[in-house]
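Q: Questions regarding the structure given below will be posed in turn.
What follows draws every value from the coordinates through simple rules; no lab data is involved. Worth saying up front: this structure is predicted, and the values here are computed from it rather than measured. Every residue, glycine among them, receives a Cβ derived from its backbone with ideal geometry; neighbour counts consider all protein chains shown.
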Amino acid sequence: MGVLRMSARAPAAVAILLAVATGCTNPSVPEMRPESQVVLYGVLRVGGTTAAVMIEEWPEQGGRAPLVGAQVRLTLPDGTLLDLPENRATGPGCLIDAVSGRPLASEPGCYSAALPVPIGPLEAYALEARLPDGRVVTGSTRTPAPPTVTPAVDTVSVSFRQTPDRFAIGRVNLTASAAAGAERVDIKPTLASVTENGTTVVPVDCSVRTHVDPFRSPELLATRELRIFGVVCGGWQTATLRLYATGYDRGYAAYLEHMIEGTSVSAPQAAFGITGAMGVFGSAATTSLSVVVAYSPSP
């Protein structure tokens, strides 16, 4: 399960996160607390039926606390205003599965609501959060379309099931041919199934080690190499990898670049797609493709 959520390497806020997209991922932010800070986190996923944002406060003396009592409203593409009430235990949650987009849990400081129609591609949304002390946080996003990514081959033959070093047992070129509205596309491989003794099974306690660089603007429509370092799952003969390709809007792409991947920024810069707080308001769209890895030992 992939989870898009902001958590704490330092105290932080939350969720969708591409993830995503995408194991469980726990986005985090660097320590920076020159004064009390409000942190907002929200990501809209194309195809999703829930809008959710998490708001926290980082007191100057340290720690973190959910910010309750805010009035949060989302402007939909047709101009409709949708209130996002605080849902501590009963409403859709702020922790969102990065692949399916389903809400997983509610918690204090989570503001969410069901949408009248699913989130579509290339749509504009605006967010306004009025805080109890009178401050106003605003944000906006234009959703990307699900990217189109194609593998050069459907099946790759390998002579080893895994390797203890950085030697890749297999390589597959992935080409992105469409990514409308996206600033970045990430690939998250997962192990979908394996065959052993001629029987296809769902892998349990199994793993796959891979690496592929993101597609980044201005070279979104390009080719990246997926390197496969090993599939750890008994004596498998074939392993089907499901690759989740997630496109992110400009705000969330910048958040990934600066927050998740460790670029240092100052507190006033740590706002992506929003004004009036730290954090991010963005959007993501995911599609999937498959590659089969076939074990064929050298004679």
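Q: Mind giving me the FRET efficiency for Asp165 and Ala65? R0 is 51 Å, r the Cβ-Cβ distance, nearest 0.05 is fine.
A: Working: r = 45 Å, r/R0 = 0.89.
FRET efficiency, Asp165 to Ala65: 0.65.
Q: Would you mind working out the magnitude of the charge dipole of region 102-187 relative to its Cα centre, with +1 at each Lys and Arg C-beta and -1 at each Asp and Glu C-beta, to the nearest 20 Debye? Please report the intermediate quantities before stating the final value.
A: On the way: 8 positive and 8 negative charges, 35 e Å.
Here the size comes out at about 160 debye.
Q: Using 7 Å Cα-to-Cβ label points, what is the Cys206/Ala222 separation (nm, one decimal)?
A: 3.3 nm
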